[in-house]
1. I'd like to check something: does region 31-44 contain any residue that is in contact with a helix residue (DSSP H, G or I) (Cβ under 9 Å, 6 or more places away or on another chain) and β-branched (Val, Ile, Thr)?
2. Going residue by residue through region 83-102, is there one that turns out to be surrounded by 12 or more Cβ atoms within 10 Å (Cβ to Cβ) and among the small types (Gly, Ala, Ser)?
3. Within region 27-41, identify whether any single residue is part of a strand (DSSP E or B) and in contact with a Cys (Cβ under 7 Å, 6 or more places away or on another chain), and answer yes or no.
4. Given region 53-115, what strands (runs of 3 or more DSSP E) lie entirely inside it while holding 3 or more residues that are at pLDDT 90 or above and over 17 Å from the mean Cα position of the chain (by Cα)?
5. Among the residues of region 1-18, are any touching a Pro at 6+ places or on another chain (Cβ under 6 Å), at pLDDT below 95 and either among the polar types (S, T, N, Q) or not assigned by TED's automatic domain parsing to the domain that holds Ser109 (or both)?
6. Is it the case that region 62-79 has a residue that's touching a residue at least 24 places away in the same chain (Cβ under 8 Å), in contact with a helix residue (DSSP H, G or I) (Cβ under 6 Å, 6 or more places away or on another chain) and surrounded by 11 or more Cβ atoms within 10 Å (Cβ to Cβ)?
7. Has region 39-53 got any residue that is small (Gly, Ala, Ser), under 30 Å from Lys97 (Cβ atoms) and either touching a residue at least 60 places away in the same chain (Cβ under 8 Å) or surrounded by 10 or more Cβ atoms within 10 Å (Cβ to Cβ) (or both)?
Amino acid sequence: MHVKTGDEVLVIAGKDKGRRGKIKISIPSARRVVVEGLNIAKRHMKPRGRGKPGGIIDIEAPLDVSNVMLICPSCGRASRTGNRFLDETDHKGRQRKVRFCKACDATISDTTKKK
């Protein structure tokens, strides 16, 4: 996927088109992301004891990853991204793979998983 948890994105399709938000949850297996404060859905909940009253609550529903564009931290525009390998290596001797903004050619972040 071209976006990760914590990235700021612009919604390019759907009912929240044109709005910005930060990715709260990324679900790569389903190619979906949950963006903070966007794509709000109503959920009817039954009471679950004293601490969980029932009623209609608002939840953030997942969006398809194709409906969001990454906002480049350096140029501030929504742009497409690409991947490239750097000359330096990681601790296992492999080349580092990073994302870059295709509009301003700036490096965005490392694509390796952090544990």
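The values are calculated or read from the model by the stated rules, or taken from the named source; none is laboratory data. Treat the numbers as computed from the prediction; the structure is a model and nothing was measured. Methodologically, a virtual Cβ is constructed for each residue, glycine included, from the backbone with ideal geometry; neighbour enumeration extends over all protein chains shown.
1. yes
2. No, every residue in region 83-102 fails to be surrounded by 12 or more Cβ atoms within 10 Å (Cβ to Cβ) and among the small types (Gly, Ala, Ser).
3. Taking every residue of region 27-41 in turn, none turns out to be part of a strand (DSSP E or B) and in contact with a Cys (Cβ under 7 Å, 6 or more places away or on another chain).
4. In region 53-115, the matching strands (runs of 3 or more DSSP E) lie at 55-60.
5. yes
6. No, that holds for no residue.
7. Checking region 39-53: not a single residue is small (Gly, Ala, Ser), under 30 Å from Lys97 (Cβ atoms) and either touching a residue at least 60 places away in the same chain (Cβ under 8 Å) or surrounded by 10 or more Cβ atoms within 10 Å (Cβ to Cβ) (or both).
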